[in-house]
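Peer 1: Sharing a structure here in structure tokens format.
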Amino acid sequence: MIGAAALAIVVLSVAIYVFGRSRAISSAKGSLKNLHSRPSYHGLFCALWTFLVGIVLILVLGVLSRQYIESELGGRLDGYVAESQLPDDGLAALEGVGNLDDAIAALEGVPADEATLAFTRAEIERFRDIRGGSARFETTNLQAQLEDIQRRLIIGDSIAIAEGRVPSRIDRLRLNLAQEFREQEQLRQYAIGGLALAAALLTALITFFRVSLPFRARNRSERLIRFTLFICAAVAIFTTLGIVLSLIGETLIFFDKMDWRVSDFFFGTNWSPLSNQREGFISPEDIGWLPLLAGTFMITFIAMLVAVPIGLMAAIYLSDYASPRVRAFAKPMLEILAGIPTVVYGFFAAIFVAPLIRDLGQSIGLDVSSQSALAAGIVMGIMIIPFISSLSDDVINAVPQSLRDGSYGLGATKAETIRTVILPAALPGIISAVILGVSRAVGETMIVVMAAGQGPNLTWNPLETVTTVTVQIVMLIIGDTEAELSAGPAFTLGFALFVVTLTLNFIALRIVRKYRELYD
Amino acid sequence: MSDQVETTTPVASGGGADPNAAVKMVGKGVNVYYGDAHAIKDVSIDILDKTVTAFIGPSGCGKSTFLRCLNRMNDTIDVARITGTIELDGQNIYDKNIDPVQLRARVGMVFQKPNPFPKSIYDNVAYGPRIHGLVANKADLDVIVESSLRRAAMWDEVKDRLDQPGTGLSGGQQQRLCIARAIATAPEVLLMDEPASALDPIATAKIEELIDELRENYSIVIVTHSMQQAARVSQKTAFFHLGILVEYDDTSKIFTNPTDQRTQDYITGRFG
Amino acid sequence: MVDMKALSDYHTSDAAKKFMRKRHRSEARFKAIGVIAILLALGALVSLAWTIGSNAVRALYEYDVTVDISFPQDAFDRSTAVKDFERPLIEQGILSEDSIIRREFRNQTRIAIEKTFLAQFDGVPEDRRGNVLELLSRGSVDTLSDAVLEGTYGPGDVVQDFPALLSDDAQLYYKGGFGSVDFVDTAGTLDLVDKGDGRVDLLAAANDFSEPFALVKEALLDQALIVERDARRQAAAVGTMQGILEDAGLSEEERTEAEDALNRFVREEERLTNLATSLRQRANSPGGREELSEDSPSVLVFVNGGTIKIDEFNGANQLTGSVLRPLSAMAQAPAGEWRIGMLEGSESSRRIKDQDVVWLEELKEKGLVISKPNWPFLLEGDSREAELAGVWGGIVGSFWTMIVTFAIAFPIGVMAAIYLEEFAQKNSFTDFIEVNINNLAAIPSIIFGLFGLLLLLSGFKVPFFGGEIEIGGWAKEFRSAAFVGGIVLALMTLPTIIIAARASVRAVPPSIRDAALGLGASKVQTVFHHVLPLAMPGIMTGTIIGMAQALGETAPLLMVGMVGFFADVSTGVADPTTVMPALVYFWSDYPEKLFELKTSLAIVVLLLFLIAMNTLAIILRKRFERRW
């Protein structure tokens, strides 16, 4: 229905364009010069407004009303559970019963409808018991949250049934709720569609009657277009703002829960935020991010040890030594290296490099972990080679030919020219390339998720398993833990990562700008 | 390519300001190709020691290309190909056992645009002596740097700021620094590719003065766009046109009584 | 002043020549380092391509067993499909009749296939039937039962040459993935004596068993090495304990404890050392008696149409074994008519056991095994069974996600670029926008994922005038859907597109704008009629490159739940789905070796898409790029 309404709004926009245009032509009475704007601009003015009003209304109402319906559904659910007529001894019969079929069997003689309801209620009660039995769940807030989980599950299932997706379970209660959801959803869609369409129609009429000889339709519609363009440009700001706000928001909430023991986060050496997850809280003693930071920087350091010499020397060789044929072959090869998705590098690290390093280490009597920092670092280095080499290539080529000529003219060899003239001149650019490379390595996720370990480990030994900031974010978010618990540390790590990479980029950008001033 | 090339262009020679000047460099039947383009066509020329030789001619006539042949700077261009022989003190510089790197130490070059390295003034001048191992210790190097800067007539201007970057100097100073840098390597021949074209008249005058002084020790070849400059600083002048050496003679003769009609047309400003 | 003339002479001196040689050596060194760097980079690319490629090639084919399947006359009866106790549940709408029938027919099909499959073997003991059936994939049951439900086959029908898919382990065996058998031809006769209970004594006339026997001895050496290493560890522990005991400050209790431990370690070290010595002795002495365990290599004898697994060597030529496949006779086998098969890895380290090897060899010998191109890999959705899993779900998911990404990022990106290049005044606000765009391009992708998670899926409550309002969570019902993933990727791709679009808009020469403005066109007209069309090829090139990056992106999609098991292929942007790179990540986590091969093939498919997109971008650039 909403789709149909959107389509209708598009059609209406096209129609009002045509009508507005012809009204402008007819009002000009044969002499188009009398019009302030060409007829098509009158049409455009009407169409733009109609389209914008309709679509914006659909989006806004769509988002808002859906949330309303879901809360409505929650109310219905509570109603159903309360209506359940089963006596308490019935509930007792359901003690320890795990699935619906068994429940129906256990409640012999009770109608299946009732049995299903009773079973659902028993499950909710059981949740209540779990949290009741634990001293940790004293606050009513947490009680409510746990009850909420079961309720959300039922509501989610009902919606799934209504939308033809696969629910976790089908029972009478869910079917009933699904039926109600379907009805409400239909009503909602009609309401939104109708409202948006009506508003669009109204806009169409208003703008249509504004078409007249002196009306400055071109200026008006161009202003509208400019405004739209501006909004698009501002999306970048909204996004940055959104990212910063969401990260800061969650981080503040998290630190608030941690009693503002911020130093425990920055200087603590123990990272195991989920060690108390069964009790449902995070202890400030468990949120020291130093092991993660150390792991991140160890892998980054190894990556840079691989990427910087190889990338830089490759760039030098390609720009100053290689024959055109070698260049024509090697450059695209490096670009291919740059285009390979990181998940492929991760797979490569996990099935080839890590076992290789482990076997090599064992053959010389070293104890190498199968998820060593070394393996992840080397592969990440390979990923960053093309990045370093292409940025270095740019800055090396930016060194003017006249400097090379000056050096050659004095009888310097190529190597002397590169080492003593070109590299010093290109140094700021190369440094900023390396910093950008570091920033990439720090934020890289897939390689470390697949090839580095998950256990925090504060060590200097690159043959051991370490974990990184990004790995922990992924583990927290995709793990089985309740989002209420894991989101805090994950977003806090995300915020720290954001600050680190942004700072690195800022430094790199400053260096590049200074460097550019040198030659301009 | 055989060393004996039949010359089709008449070789004008000798009879300059100093009749006793020895022949320093000899070009015989030199051809240069840039890919398919034939840039220098069969040029033969004798360049004298302790003499300033000027190459003049309209843009694209090949004078700079030929100049770059004299210290094999064209080697750095992949597509350039050269035939014929160019001799330095009787030895073919395109011979297999001649090292272009060492050759350039003997035949120095100053470029059109001042190109000081982004290093200190001292390091700029010391660059050549250092890479060639010209001196054994720092004291000797100091001496060379000072004497080169003196010869380039800028010692007094920079002696107090030798550790400041060469790129911070004015255009004229930068170019004289480049000349000092070239001298410091102790070359025998100095090639200058329009050394004053990017400079203002006062700086130009200083450079020209410098060239005149340097003549006492070096064989200097200068490419110039300005006929007045050629007339002012050189003793011998070679006129290039479309890759051909049209006429080569004493500067005074070229500017007063050229043999070839094309030379006549050029110096009277009919084309160029 | 220095005498420059004298210095000049240096250049032609011998000293200069010598120095020159040194300089040229250092030049050559420098150049060599450059070559090495290039070779290392290319080497990394080659080893990556080789690792992925060699694995992927092996996933290109799959192995089936072709059998004729006959259904019994009383099969597929709808009237008996539904059991009595299920009736009330159907009436209540809790179960559906359709699904019961589907389940029942599937069962009957499975039984028919299993019966036929078992019948292919010369004899399988009752208790081993389950093991045989594990060689079969359950996927072939689904194919056939679907055909039955559609009515293609009915009761009493015979399905000719039905290709029953083999399980992943069986597939790997035929691919040579592990435990492939090294066959040795024989030079002498082999006498067999039936000892009853499936045990056989073997007597070889020639030294045919010398090679397998050597293999067994070699394995003893390896074992000895491991035992010796353990012994060294014990010795180290002894040392540590002695060190502790030297400490005078120990309490009596601690001392006793430490002494106990010391004694334990000493005894254990002694035992291990003795064991290692005896292992070495056995390995180095010729002949002797060797019992084979599941930790030693396996030796199989293929004789008289059956197979014997060697349990014991009594010297090199006298052996005892147990029958894994019945022999036609216990007669003497002539030279060359029987073979010995060796499996190097120990049975306990293999997923394919010796018995499975014998069965699979039997199937192959009977000509029932065929290999065919693995088209289902491209056409099927995901599955928990390695041999059934396909990438179609990932391809479709990636397609929908890219549609959403493009629909959002392209118009916004182009319009933003136009605004910044053509309309924005140079002021601090537009500078701020620029800085923002550059920053966005540098933010790690996982942060976009976190943002997407909060904005679209979970949301968070913030205090607001005493109450609370929830921010975000607008797309809760679209968890794991292409819609959400597409939005996140769009935000991530936006900077790439804006930067590329700005560059191509800027490349349009001002003369065109001047011409249009000079004819009285408005700024908006000029931009949309002239500048944008001319800049479009460049914009498209940048967009395709950005989309290719987005196509390979995994981390942000991990955050919004697009990694996981999605059996159904999505039909639109609202369905939960996975994408190609997420599939690669998800599969790479499975322990099955076949999944490793399939992951490689999935990577090849993904790379083909990426190559296609980048080629398209290059063609666009070559074809339409205009230099002004």
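The values are calculated or read from the model by the stated rules, or taken from the named source; none is laboratory data. Note that this is a predicted model, so its numbers are computed, not measured. Glycine gets a Cβ as well: all are built from the backbone with ideal geometry, and neighbour counts include every protein chain shown. Surface accessibility is based on the protein's heavy atoms, side chains included, excluding ligands, DNA and RNA. Shrake-Rupley method; radii C 1.70, N 1.55, O 1.52, S 1.80 Å.
Peer 1: Among the residues of segment A:284-301, is any touching a Leu at 6+ places or on another chain (Cβ under 6 Å), more than 9 Å from chain C (Cβ to nearest Cβ) and either assigned to a helix (DSSP H, G or I) or open to solvent by 60 Å² or more (accessible area, probe 1.4 Å) (or both)? It would help to see each step written out before you state the result.
Peer 2: Initial filter on segment A:284-301 (touching a Leu at 6+ places or on another chain (Cβ under 6 Å)): A:291, A:294.
Applying the additional criterion that residues be more than 9 Å from chain C (Cβ to nearest Cβ) yields A:291, A:294.
This time we only want the ones that are either assigned to a helix (DSSP H, G or I) or open to solvent by 60 Å² or more (accessible area, probe 1.4 Å) (or both), so: A:291, A:294.
Yes, some residue in segment A:284-301 is touching a Leu at 6+ places or on another chain (Cβ under 6 Å), more than 9 Å from chain C (Cβ to nearest Cβ) and either assigned to a helix (DSSP H, G or I) or open to solvent by 60 Å² or more (accessible area, probe 1.4 Å) (or both).
Peer 1: Filtering segment C:63-88 down to residues that are at pLDDT below 85 and of a type in the set (Gly, Ala, Ser), which residue is most open to solvent (accessible area, probe 1.4 Å)?
Peer 2: Here the residue is C:Ser79.
Peer 1: In segment A:468-505, what residues are at pLDDT below 90, open to solvent by 50 Å² or more (accessible area, probe 1.4 Å) and outside any loop (DSSP other than H, G, I, E, B)?
Peer 2: Of everything in segment A:468-505, those that are at pLDDT below 90, open to solvent by 50 Å² or more (accessible area, probe 1.4 Å) and outside any loop (DSSP other than H, G, I, E, B) turn out to be A:Ile478, A:Ala483, A:Glu484.
Peer 1: Here's something else I'd like to know. Might you check whether a residue that is farther than 16 Å from A:Gly381 by Cβ and away from chain C (no Cβ under 14 Å) occurs anywhere in segment A:470-482?
Peer 2: No, every residue in segment A:470-482 fails to be farther than 16 Å from A:Gly381 by Cβ and away from chain C (no Cβ under 14 Å).
Peer 1: Give me the pairs: first residue in segment A:1-18 and free of Cβ contacts under 8 Å to residues at least 12 places away in the same chain and farther than 15 Å from A:Leu44 by Cβ, second residue hydrophobic (A, V, I, L, M, F, W, C) and surrounded by 15 or more Cβ atoms within 10 Å (Cβ to Cβ), beta-carbon distance under 7 Å, and six or more apart or on different chains, which are they?
Peer 2: Hits for this filter: zero, empty list.
For every residue, the table says whether it meets (1) in contact with a helix residue (DSSP H, G or I) (Cβ under 7 Å, 6 or more places away or on another chain); (2) in the same structural domain as C:Gln160 (by TED's automatic domain parsing); (3) assigned to a helix (DSSP H, G or I).
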| position | (1), (2), (3) |
| --- | --- |
| C:Val67 | yes, yes, no |
| C:Gln73 | no, yes, no |
| C:Leu89 | no, yes, yes |
| C:Asp98 | no, yes, yes |
| C:Arg103 | no, yes, yes |
| C:Asn107 | no, yes, yes |
| C:Arg110 | yes, yes, yes |
| C:Glu114 | yes, yes, yes |
| C:Leu118 | yes, yes, yes |
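Peer 1: Another question, if that's okay. Of all residues in segment B:50-75 being touching an Asp or Glu at 6+ places or on another chain (Cβ under 8 Å) and not hydrophobic (A, V, I, L, M, F, W, C), which is farthest from the other protein chains (Cβ to nearest Cβ)? So that I can check it myself, show each step before the final result.
Peer 2: Taking segment B:50-75 and keeping what is touching an Asp or Glu at 6+ places or on another chain (Cβ under 8 Å), we get B:50-52, B:64, B:67-68, B:73.
Restricting the remaining residues to those that are not hydrophobic (A, V, I, L, M, F, W, C) gives B:50-51, B:64, B:68.
Numbers: B:Lys50: 11, B:Thr51: 16, B:Ser64: 12, B:Arg68: 9 Å.
Selected residue: B:Thr51.
Peer 1: Here is a further query. Among B:Leu149, B:Leu190, which is touching a Ser or Thr at 6+ places or on another chain (Cβ under 8 Å), within 14 Å of chain C (Cβ to nearest Cβ) and either among the aliphatic types (A, V, I, L, M) or closer than 22 Å to B:Val52 by Cβ (or both)?
Peer 2: B:Leu190
Peer 1: Given the options B:Ile202, B:Ile220, name the one that is among the β-branched types (Val, Ile, Thr), at negative phi and surrounded by 15 or more Cβ atoms within 10 Å (Cβ to Cβ).
Peer 2: From the options B:Ile202, B:Ile220, the qualifying one is B:Ile220.
Peer 1: Are any of the residues in segment A:422-445 more than 11 Å from every other protein chain (Cβ to nearest Cβ), of a type in the set (Val, Ile, Thr), open to solvent by less than 20 Å² (accessible area, probe 1.4 Å) and out of contact with any Phe, Trp or Tyr (no Cβ under 7 Å at 6 or more places or on another chain)?
Peer 2: Checked against the condition, which is being more than 11 Å from every other protein chain (Cβ to nearest Cβ), of a type in the set (Val, Ile, Thr), open to solvent by less than 20 Å² (accessible area, probe 1.4 Å) and out of contact with any Phe, Trp or Tyr (no Cβ under 7 Å at 6 or more places or on another chain), segment A:422-445 yields at least one hit.
Peer 1: Let me ask something else. Could you please find all residues in segment A:211-223 being surrounded by 16 or more Cβ atoms within 10 Å (Cβ to Cβ) and more than 7 Å from every other protein chain (Cβ to nearest Cβ)?
Peer 2: A:Val211, A:Phe215, A:Ala217, A:Arg220, A:Ser221
Peer 1: Would segment C:34-53 turn up any residue that is away from chain A (no Cβ under 14 Å), among the hydroxyl-bearing types (Ser, Thr, Tyr) and in contact (Cβ under 8 Å) with a residue 40 or more places away in the chain?
Peer 2: No.
Peer 1: Of everything in segment C:45-62, what is part of a loop (DSSP other than H, G, I, E, B) and open to solvent by 50 Å² or more (accessible area, probe 1.4 Å)? Give them in sequence order.
Peer 2: Within segment C:45-62, C:Leu60 is the sole residue that qualifies.
Peer 1: Name every residue in segment B:122-142 that is facing another protein chain (nearest Cβ under 10 Å) and more than 19 Å from C:Ala16 (Cβ to Cβ), in order of residue number.
Peer 2: B:Asp123, B:Asn124
Peer 1: Can you say whether C:Ser180 is modelled with pLDDT of 85 or more and polar (S, T, N, Q), as far as the supplied structure shows?
Peer 2: Considered against the rule, which asks whether it is modelled with pLDDT of 85 or more and polar (S, T, N, Q), C:Ser180 comes out as no.
Peer 1: Checking B:Leu242 against (1) of a type in the set (A, V, I, L, M, F, W, C); (2) crowded, with 18+ Cβ neighbours inside 10 Å; (3) more than 22 Å from B:Pro201 (Cα to Cα): exactly one of these is not met. Which one?
Peer 2: (2)
Peer 1: Now a separate question. Scan the strands (runs of 3 or more DSSP E) fully inside segment C:367-480 and keep the ones with 1 or more residues being over 25 Å from A:Val499 (Cα atoms) and in contact (Cβ under 8 Å) with a residue 24 or more places away in the chain.
Peer 2: Those strands (runs of 3 or more DSSP E) span C:369-373.
Each row is one residue, and each column tells you yes or no for (1) open to solvent by less than 10 Å² (accessible area, probe 1.4 Å); (2) over 15 Å from the mean Cα position of the chain (by Cα).
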{"position": "C:Thr554", "(1), (2)": "yes, yes"}
{"position": "C:Met559", "(1), (2)": "yes, yes"}
{"position": "C:Met580", "(1), (2)": "yes, no"}
{"position": "C:Leu583", "(1), (2)": "yes, no"}
{"position": "C:Phe586", "(1), (2)": "no, no"}
{"position": "C:Leu597", "(1), (2)": "yes, no"}
{"position": "C:Val604", "(1), (2)": "no, no"}
{"position": "C:Ala617", "(1), (2)": "yes, yes"}
{"position": "C:Arg621", "(1), (2)": "no, yes"}
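Peer 1: Taking segment C:527-565, which residues are without any contact (Cβ under 8 Å) to a residue 24 or more places away in the chain, within 11 Å of another protein chain (Cβ to nearest Cβ) and part of a helix (DSSP H, G or I)?
Peer 2: Answer for segment C:527-565, where residues must be without any contact (Cβ under 8 Å) to a residue 24 or more places away in the chain, within 11 Å of another protein chain (Cβ to nearest Cβ) and part of a helix (DSSP H, G or I): just C:Phe528.
Peer 1: So, one more: Can you find a residue in segment A:448-467 that is among the aromatic types (Phe, Trp, Tyr), within 12 Å of chain C (Cβ to nearest Cβ) and either surrounded by fewer than 24 Cβ atoms within 10 Å (Cβ to Cβ) or under 16 Å from A:Phe265 (Cα atoms) (or both)? Step through it out loud before you land on a result.
Peer 2: Looking only at segment A:448-467, we keep the residues that are among the aromatic types (Phe, Trp, Tyr), and these are A:460.
If we keep only those that are within 12 Å of chain C (Cβ to nearest Cβ) too, we end up with none.
For segment A:448-467, residues among the aromatic types (Phe, Trp, Tyr), within 12 Å of chain C (Cβ to nearest Cβ) and either surrounded by fewer than 24 Cβ atoms within 10 Å (Cβ to Cβ) or under 16 Å from A:Phe265 (Cα atoms) (or both): absent.
Peer 1: Checking C:Ile545 against (1) farther than 29 Å from A:Ile477 by Cβ; (2) open to solvent by 50 Å² or more (accessible area, probe 1.4 Å): exactly one of these is not met. Which one?
Peer 2: Checking C:Ile545 against (1) farther than 29 Å from A:Ile477 by Cβ; (2) open to solvent by 50 Å² or more (accessible area, probe 1.4 Å), the one that fails is (1).
Peer 1: Sort out which residues of segment A:28-60 are open to solvent by less than 30 Å² (accessible area, probe 1.4 Å), in a helix (DSSP H, G or I) and within 25 Å of C:Gly520 (Cβ to Cβ), and write them in order of number.
Peer 2: A:Ala28, A:Pro39, A:Tyr41, A:His42, A:Gly43, A:Phe45, A:Cys46, A:Ala47
Peer 1: Name the single residue that is most open to solvent (accessible area, probe 1.4 Å) among those in segment B:250-272 being in contact (Cβ under 8 Å) with a residue 40 or more places away in the chain and touching a Pro at 6+ places or on another chain (Cβ under 8 Å).
Peer 2: Only one residue fits best here, namely B:Gly272.
Peer 1: While we're looking at this one, here's another question. Of the residues C:Ile603, C:Ile611, which single one is modelled with pLDDT of 95 or more and assigned by TED's automatic domain parsing to the domain that holds C:Thr405? Write out each step before concluding.
Peer 2: Working: C:Ile611 fails: modelled with pLDDT of 95 or more.
Testing whether each residue is modelled with pLDDT of 95 or more and assigned by TED's automatic domain parsing to the domain that holds C:Thr405 leaves just C:Ile603.
Peer 1: Hey, another quick one. When you scan segment C:216-230, do you find a residue that is open to solvent by less than 40 Å² (accessible area, probe 1.4 Å), part of a helix (DSSP H, G or I) and free of Cβ contacts under 8 Å to residues at least 60 places away in the same chain, even just one?
Peer 2: Yes, because at least one residue in segment C:216-230 is open to solvent by less than 40 Å² (accessible area, probe 1.4 Å), part of a helix (DSSP H, G or I) and free of Cβ contacts under 8 Å to residues at least 60 places away in the same chain.
Peer 1: Are any residues in segment A:355-383 under 15 Å from A:Thr468 (Cβ atoms), part of a helix (DSSP H, G or I) and more than 10 Å from every other protein chain (Cβ to nearest Cβ), and if so, which ones?
Peer 2: A:Ala373, A:Leu374, A:Ala375, A:Ala376, A:Gly377, A:Met380
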